[in-house]
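I have placed the structure first, in the form of structure tokens, so that the comments after it can refer back to it.
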Amino acid sequence: MDILFVEDLRRVYAGGGNEITALDGLTAGFAAGTFTAVMGPSGSGKSTLLQCAAGLDRPTSGRVVIGGAELTATGEAAMTRFRRERVGFVFQDFNLMPALTVTQNVTLPLKLAGRKVDRRKVRDLLERLGLGDRLGHVPGELSGGQRQRVAIARALITEPEVVFADEPTGALDTRGAREVLELLRAAVRDFGRTVVMVTHDPVAAAYADAVLFLADGRIVGRMDRPTAERVAERLAHVADLAGPQRLTAAGAA
Ligand code: ADP
């Protein structure tokens, strides 16, 4: 069963007299307990898809359904609650609160949602993510890889239905990136979470169960059990699939 379903999603940005169609009628389902990578050329709509699916942005039209509830049918207040309670988000630049300790950063979503903080559960999770000796540290005292692991703990602590990650390894060195990807995979395999990750890196995509390829705001391909080599090869062809609109834009740049 699909825990996340997006149907006929369109997101049109207006401004400066011309419209940009970031998502052009995109439909996709994501099964519970799977790890999906989303790839495609720059400007193909990957971030917009994630933002709309996570309730950080509203599509111009179309539906987002998470765990049987339609996110797109709700008002602003309900959307904020939905986001707090049912999804987790991991950003490229971590987005941690610099003045808060590791433990405080991770408990923040629970507090914002008015939920009880189970200190032992928080500590167990942080230990599991290799941060057991860092609980009282602030982000500035941690490496990039450690910061991203704190962000993953923060995304997992509410036991969300879907965890979205937008280029989570983009600011990390090879070792930090590998640790983060292994943790995301473990979140799926060991905790049964569902992860959707945008990446431009075929090696990162190979950690996922499947890869969706986007071009011009649509899905143009899918690969199950990806390997870095096969993903890199397919990506070269996805660039060819992008329409004349993109070629013109690239030519003008
Ligand atoms: P990707 O993540 O694949 O690089 P994005 O989803 O960021 O693609 O962007 C898709 C398209 O929408 C691009 O043409 C981009 O310039 C445009 N876009 C994204 N955000 C905005 C915005 N806030 N205002 C106007 N255009 C935007």
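The values are calculated or read from the model by the stated rules, or taken from the named source; none is laboratory data. Quantities reported herein were computed from a predicted structural model and do not represent experimental measurements. Please note: Cβ atoms are built from the backbone with ideal geometry, for glycine as well, and neighbour counts cover all protein chains shown.
Taken residue by residue, segment 5-20 has at least one member that is within 13 Å of the ligand (Cβ to nearest atom), of a type in the set (Ser, Thr, Tyr), more than 30 Å from Asp190 (Cβ to Cβ) and out of contact with any Leu (no Cβ under 8 Å at 6 or more places or on another chain).
For segment 171-194, does any single residue satisfy the condition of being within 16 Å of the ligand (Cβ to nearest atom), in contact with a strand residue (DSSP E or B) (Cβ under 6 Å, 6 or more places away or on another chain) and not small (Gly, Ala, Ser)? No, the conditions are met nowhere in segment 171-194. Apart from one condition, Pro109 fits all of (1) closer than 30 Å to Ser42 by Cβ; (2) crowded, with 17+ Cβ neighbours inside 10 Å; the exception is (1). Scanning segment 125-147 finds one or more residues that are within 25 Å of Thr34 (Cβ to Cβ), out of contact with any helix residue (DSSP H, G or I) (no Cβ under 6 Å at 6 or more places or on another chain) and modelled with pLDDT under 95.
In the condition set (1) closer than 25 Å to Leu183 by Cα; (2) modelled with pLDDT under 95; (3) more than 13 Å from the chain's Cα centre (by Cα), Ala31 is compliant with all but (2).
Does Val238 fit the bill of being within 16 Å of the ligand (Cβ to nearest atom), modelled with pLDDT under 95 and either under 23 Å from Gln51 (Cα atoms) or of a type in the set (D, E, K, R) (or both)? Answer is yes for this residue.
Of the residues that make up segment 148-160, is at least one within 30 Å of Val211 (Cβ to Cβ), under 22 Å from the mean Cα position of the chain (by Cα), surrounded by fewer than 21 Cβ atoms within 10 Å (Cβ to Cβ) and in contact (Cβ under 8 Å) with a residue 40 or more places away in the chain? Explain how you work it out, then say what you get.
So in segment 148-160, the residues within 30 Å of Val211 (Cβ to Cβ) come out as 148-160.
With under 22 Å from the mean Cα position of the chain (by Cα) added as a condition, the list becomes 148-160.
Now drop any that are not surrounded by fewer than 21 Cβ atoms within 10 Å (Cβ to Cβ), which leaves 158-159.
Subset that is in contact (Cβ under 8 Å) with a residue 40 or more places away in the chain: 158.
There is at least one residue in segment 148-160 that is within 30 Å of Val211 (Cβ to Cβ), under 22 Å from the mean Cα position of the chain (by Cα), surrounded by fewer than 21 Cβ atoms within 10 Å (Cβ to Cβ) and in contact (Cβ under 8 Å) with a residue 40 or more places away in the chain.
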